[in-house]
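First up is the structure itself, then whatever we jot down about it.
The values are calculated or read from the model by the stated rules, or taken from the named source; none is laboratory data. Only a predicted model underlies this, so the values are computations on that prediction, with no experimental measurement involved. Here Cβ is always computed from backbone atoms with ideal geometry, including for glycine, and neighbour counts include all displayed protein chains. What goes into the accessible areas is simple: the full protein's heavy atoms, side chains included, and nothing from ligands, DNA or RNA. Shrake-Rupley method; radii C 1.70, N 1.55, O 1.52, S 1.80 Å.
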Amino acid sequence: MATIAYSIRSSKNDKLSSIYLRFRDSSRIDVNLAVNYLNCLPSNFKNGKCKVSSYKVKESDTDTLNVILEKLKTHVLGDFLENEHSITNAKLWLKQSIESFNNADEQKDLDDFIVFLDYYLDSKVGSVADSTYKKIKTEITKLKKFVTDSSDFFKAGQKIRFKNLNDSFLRRYEDYLESLNYQSQTYSKKVKNLKQVCVFAKQNNIVVNEAIFNWKFKVFKKPNDAKFIYLNFEELQSITDLKLKTGYLDNARDWLLIACFTGQRVSDFLQFNKGNIKKDSDLDFIEFTQQKTKKLMKIPILDAVQAVLDKNKGNFPRNISATKFNVYIKEVCKKAGIIEKVFGGKPNQGTNNRKIYDTYYKYELVTSHIGRRSFATNFYGLDDTNVNDLMYVTGHNSQKQFLDYIQKTNEERGIEVAKAFKKIKY
């Protein structure tokens, strides 16, 4: 049964506060949203009603606050009964229902680019993984900042309409990203995110400039010599053989080996525990659900991972945060002698965390993502392995995505090709 309750969160009795509407339908839906156009003093609000029965939110209102609350309740419950089976995002539906009660010109507001960004973000609640939602929220915040920082381009107070988003807007955004020193891959993703917002606007019957869908994006390439690094089998053996007297480094080393021999994201492998170990047909697997994709995974336990489990008496290493893991594995790799000089990009705290390209010791460039790249690169091209098998383990949906992880140099690939040709009898 659907129910509605009103409340106020603020404790400042002398300041008007927004009223919150909580909608619940058994255990399926439980959403709490502020009704921004209805407010009351916390000292005057009790049991879902204003104690001053004659109180009106605005002098021009024909109804008192309590009457409006009752009408809003009836409106939302009726809206729910009418659309119950088509609701896929409860928070977004409730927000739209509350706004429609206020007779807001929703279509007109949504045509405003900045307003629509919040609408787009709300639409992702519950429909994507939490980590993905946080990334989208960050991108929305940066898009808004772009508009704010480009006051010389956008006139103050002027609404940006989707129908007016043209090549000049795109070029301005490109210049803005370039000025922030984004690397090529990150830049490309940000511009694609902008296009996705526009596509979603069109799907919501917003008039969008069709030129958007023919946008050609500039590509700012990182230096040709800069590559994402990986740890080869020889380096991984050095890490395995390393004698470590410090417990936290030994623990981080074990997690690093698990990362490099499972090919999983840090958000997944650091959550592994004994309960994830399953046996099937006399084979041992790690079974888990990927946080990002929500896919149920069942990956084989390779010998290197089994060695770590045996070392820890059948358990995975102690829990560690991703932040500490990133710090500790650099020290582990340094102690393992992974100190060759390589050209690559390293985040610099003094430049908005953008990558600064230079020559560094290899261990300085090691991050939690190196496990995923190392797995893909090391096992790609080996006998008895194929791309589809490796893609299953890493969870990639396309060969293009997977091959982006292959980081072998031309020299390394040349040696592998030569060895492969030697096996051919002709």
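Does segment 14-28 hold any residues that are outside any strand (DSSP E or B) and at negative phi, and which are they? Spell out how you get there, then give the answer.
Going through segment 14-28, the residues outside any strand (DSSP E or B) turn out to be 14-16, 26-28.
If the condition is that a residue be outside any strand (DSSP E or B) and at negative phi, then D14, K15, L16, S27, R28 are the ones that fit.
Can you pull out the residues in segment 284-316 that are aliphatic (A, V, I, L, M) and without any contact (Cβ under 8 Å) to a residue 60 or more places away in the chain? Before you say what the answer is, go through the steps one by one.
Taking segment 284-316 first, the residues aliphatic (A, V, I, L, M) are 286, 296-297, 299, 301-302, 304-305, 307-309.
The answer is I286, L296, I301, L302, V305, V308, L309.
Restricting to segment 209-233, and then to whatever is open to solvent by less than 80 Å² (accessible area, probe 1.4 Å) and not in a loop (DSSP other than H, G, I, E, B), can you tell me which residue is modelled with the lowest pLDDT?
Per the stated criteria, the residue is F213.
Select from segment 253-275 the residues that are under 25 Å from the mean Cα position of the chain (by Cα) and either farther than 23 Å from F379 by Cβ or surrounded by fewer than 16 Cβ atoms within 10 Å (Cβ to Cβ) (or both) and list them in ascending order.
Passing the criteria: S267, Q271, N273.
Could you run through segment 94-129 and say how many residues are modelled with pLDDT of 80 or more and farther than 23 Å from C198 by Cβ?
Residues meeting the conditions: 5.
Six or more apart or on different chains, Cβ under 8 Å: which pairs go from a residue in segment 123-139 that's touching a residue at least 60 places away in the same chain (Cβ under 8 Å) to one that's of a type outside the set (K, R)? Could you list them?
Final answer for the pair search is S123/N89; S123/L92; S123/F200; A129/Q291; A129/T293; D130/Q291; S131/S267; S131/Q291.
Have a look at D384, D389 and point out the one that is more than 20 Å from F269 (Cβ to Cβ), open to solvent by 60 Å² or more (accessible area, probe 1.4 Å), at pLDDT below 85 and of a type in the set (D, E). Walk me through it before giving the result.
Numbers: D389 fails: more than 20 Å from F269 (Cβ to Cβ).
Going through D384, D389 in turn, just one is more than 20 Å from F269 (Cβ to Cβ), open to solvent by 60 Å² or more (accessible area, probe 1.4 Å), at pLDDT below 85 and of a type in the set (D, E): D384.
For residues that are closer than 14 Å to L94 by Cα, open to solvent by less than 30 Å² (accessible area, probe 1.4 Å) and out of contact with any Asp or Glu (no Cβ under 8 Å at 6 or more places or on another chain), tally how many sit in segment 7-24.
1
Take the residues in segment 322-341 that are out of contact with any helix residue (DSSP H, G or I) (no Cβ under 7 Å at 6 or more places or on another chain) and touching a residue at least 24 places away in the same chain (Cβ under 8 Å), then tell me which one is least open to solvent (accessible area, probe 1.4 Å).
Looking at the filtered set, the residue picked out is N326.
Do you know which residues across segment 335-372 are over 27 Å from T394 (Cβ atoms) and either touching a Lys or Arg at 6+ places or on another chain (Cβ under 8 Å) or at pLDDT 90 or above (or both)?
Answer for segment 335-372, where residues must be over 27 Å from T394 (Cβ atoms) and either touching a Lys or Arg at 6+ places or on another chain (Cβ under 8 Å) or at pLDDT 90 or above (or both): K335, G337, I339, K341, N348, I356, D358, T359, Y361.
Out of everything in segment 136-157 that is of a type in the set (S, T, Y) and in a helix (DSSP H, G or I), what residue ends up being nearest to the chain's Cα centre (by Cα)?
T138
Kindly list the number of the only condition in (1) within 21 Å of the chain's Cα centre (by Cα); (2) within 24 Å of V342 (Cβ to Cβ); (3) at pLDDT below 85; (4) assigned to a helix (DSSP H, G or I) that fails for Y405.
(4)
Could you check, for segment 349-371, whether at least one of its residues is of a type in the set (K, R), farther than 17 Å from L236 by Cβ and exposed (fewer than 13 other Cβ atoms within 10 Å of the Cβ)?
The answer is no; no qualifying residue exists.
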